[in-house]
Amino acid sequence: MKKALITGITGQDGSYLAELLLEKDYQLWGIMRRSSSFHTGRIDHLYKDPHEQPRLKLIYGDLTDGSNLSTIINEIKPDEVYNLGAQSHVRVSFDMPIYTADTDALGTLRLLEAIRSSDKPAKFYQASSSEMYGKVIETPQTEKTPFYPRSPYGCAKAYSFWQTVNYREAYDLFACNGILFNHESPRRGETFVTRKITRAATRIKLGLQDKLYLGNLDAKRDWGFAGDYVEAMWLMLQQDKPDDYVVATGESHSVREFVAEVFSHLDLDWQKYVEIDPHYFRPSEVDYLQGDASKAKKVLKWEPKVTFKELAKMMTDADMKIAENEKIIKDHQKTKQ
């Protein structure tokens, strides 16, 4: 039985990857940060019978603590390590640039060093990001497109990308970068723009909310489904040779298009409810991202399955159920008063 370790297992990607690896009969460990409350909602369903020996175990750790990472690696001796842990919000990275660099850039280096110095170095997957392209030099973006990051998050991810390449070339580690373009799902955090839109639209539909405030509606992104993208992560570590791959749909859509798709699905005119708030603009914007995943399709035999329209519908339908529960609770509280 293969053993895998996931950082960021409680996040969107971590939860989908955990499902995939458990389906493939892995023994799985996930690193979670210590906090005053549990944030395991995305993976709670993966715990089956509490009396059985679980194939998923959670351990406390942090990408800012190198000695802790070394201890974890040496104790578990994983076959594969997936580094999905990060301060992953681009806008927040402008407010917390040093923390973002410590976690997203130096955190990767600490993990790579822990793997390199272990008795049996694991195969390593680094969650790289299309935000590294930033002010794009060419469209669509491929593995050969130069990076031009436009945020502390993008800069930190570019650092991690090159450290991963360097450890592969200098120490012969099996280390891969997945340059993932935007990928969403019903498990996306509510502060990210797509989920913010679907949450607000469904609440507006049920009369629980009046307005949705957004920033740049013209920003264009290559949006795919996170459940599709974790399969590409796994496939990278099953190859004979380590390499770097763009993972994308090859289509680009604006925030405005996503808004229109979601509100249309609910039979609402989005222009009556959406207002622009300058607070949500970034100090430096990434205007246009569109990936070319030809290499992943050819080498990994990977294809995205969920379309842009299907993704918007999937997220809207899931958030409608949440909004309906909210309305039931609110109506119940009214009747008690």
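The values are calculated or read from the model by the stated rules, or taken from the named source; none is laboratory data. Quick caveat: nothing in here was measured; it's all calculated off a predicted structure. Reconstructed Cβ throughout: ideal geometry from the backbone, glycine too, with neighbour counts over all protein chains shown. Calculation scope for accessible area: heavy atoms of the full protein, side chains included, ligands and nucleic acids excluded. Shrake-Rupley method; radii C 1.70, N 1.55, O 1.52, S 1.80 Å.
Side notes on the structure shown:
- Test for Ile98: is it closer than 17 Å to Met32 by Cβ, of a type in the set (Val, Ile, Thr) and open to solvent by 10 Å² or more (accessible area, probe 1.4 Å): no
- The sole residue among Lys120, Lys196 that is open to solvent by 30 Å² or more (accessible area, probe 1.4 Å), under 30 Å from Leu266 (Cβ atoms) and not in a strand (DSSP E or B) is Lys196.
- The residues of the range 269-291 that are out of contact with any strand residue (DSSP E or B) (no Cβ under 6 Å at 6 or more places or on another chain), buried (at least 17 other Cβ atoms within 10 Å of the Cβ) and either aromatic (Phe, Trp, Tyr) or modelled with pLDDT of 95 or more (or both), listed by number, are Trp270, Gln290.
- From the list Ile98, Ile59, Ile73, the one residue that fits, being of a type in the set (Val, Ile, Thr) and assigned to a strand (DSSP E or B), is Ile59.
To keep it simple, each residue is scored yes or no on (1) touching a residue at least 40 places away in the same chain (Cβ under 8 Å); (2) assigned to a helix (DSSP H, G or I); (3) open to solvent by 10 Å² or more (accessible area, probe 1.4 Å).
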position: Tyr125; (1), (2), (3): yes, no, no
position: Glu143; (1), (2), (3): yes, no, yes
position: Pro149; (1), (2), (3): no, no, yes
position: Ala156; (1), (2), (3): yes, yes, no
position: Tyr159; (1), (2), (3): yes, yes, yes
position: Trp162; (1), (2), (3): no, yes, yes
position: Asn166; (1), (2), (3): no, yes, yes
position: Ile179; (1), (2), (3): yes, no, no
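- Of all residues in the range 219-257, those being at pLDDT 95 or above and assigned to a loop (DSSP other than H, G, I, E, B) number 14.
- Looking across the range 54-88, the residues that are under 18 Å from the mean Cα position of the chain (by Cα), open to solvent by 10 Å² or more (accessible area, probe 1.4 Å) and among the hydrophobic types (A, V, I, L, M, F, W, C) come down to Leu63, Leu84, Ala86.
- Residue pairs meeting the criteria (Cβ under 9 Å; at least 6 apart or on separate chains; first farther than 24 Å from Thr198 by Cβ, in the range 323-337; second open to solvent by 90 Å² or more (accessible area, probe 1.4 Å) and among the hydroxyl-bearing types (Ser, Thr, Tyr)): none
- With respect to (1) touching a residue at least 24 places away in the same chain (Cβ under 8 Å); (2) under 16 Å from Gly207 (Cα atoms); (3) open to solvent by 60 Å² or more (accessible area, probe 1.4 Å), the lone exception for Val299 is condition (2).
- Ile276 meets all of the listed conditions (1) more than 24 Å from Lys220 (Cα to Cα); (2) in contact (Cβ under 8 Å) with a residue 12 or more places away in the chain but one, namely (1).
- Scope the range 258-268; condition among the acidic types (Asp, Glu) and either surrounded by fewer than 17 Cβ atoms within 10 Å (Cβ to Cβ) or in contact (Cβ under 8 Å) with a residue 60 or more places away in the chain (or both); matching residues: Asp267
- Answer from Arg91, Arg110 - the residue that is open to solvent by 20 Å² or more (accessible area, probe 1.4 Å), under 28 Å from Thr249 (Cα atoms) and either at pLDDT 95 or above or outside any loop (DSSP other than H, G, I, E, B) (or both): Arg91
- Within the range 1-24, residues that are charged (D, E, K, R) reach partners that are assigned to a loop (DSSP other than H, G, I, E, B) with beta carbons closer than 6 Å, at six or more positions or on different chains, in the pairs Lys2/Tyr26; Lys2/Asp79; Lys3/Pro78; Lys3/Asp79; Asp13/Leu84.
- Options Ile204, Ile197: the member that is in contact with a strand residue (DSSP E or B) (Cβ under 8 Å, 6 or more places away or on another chain) and more than 25 Å from Gly134 (Cβ to Cβ): Ile204
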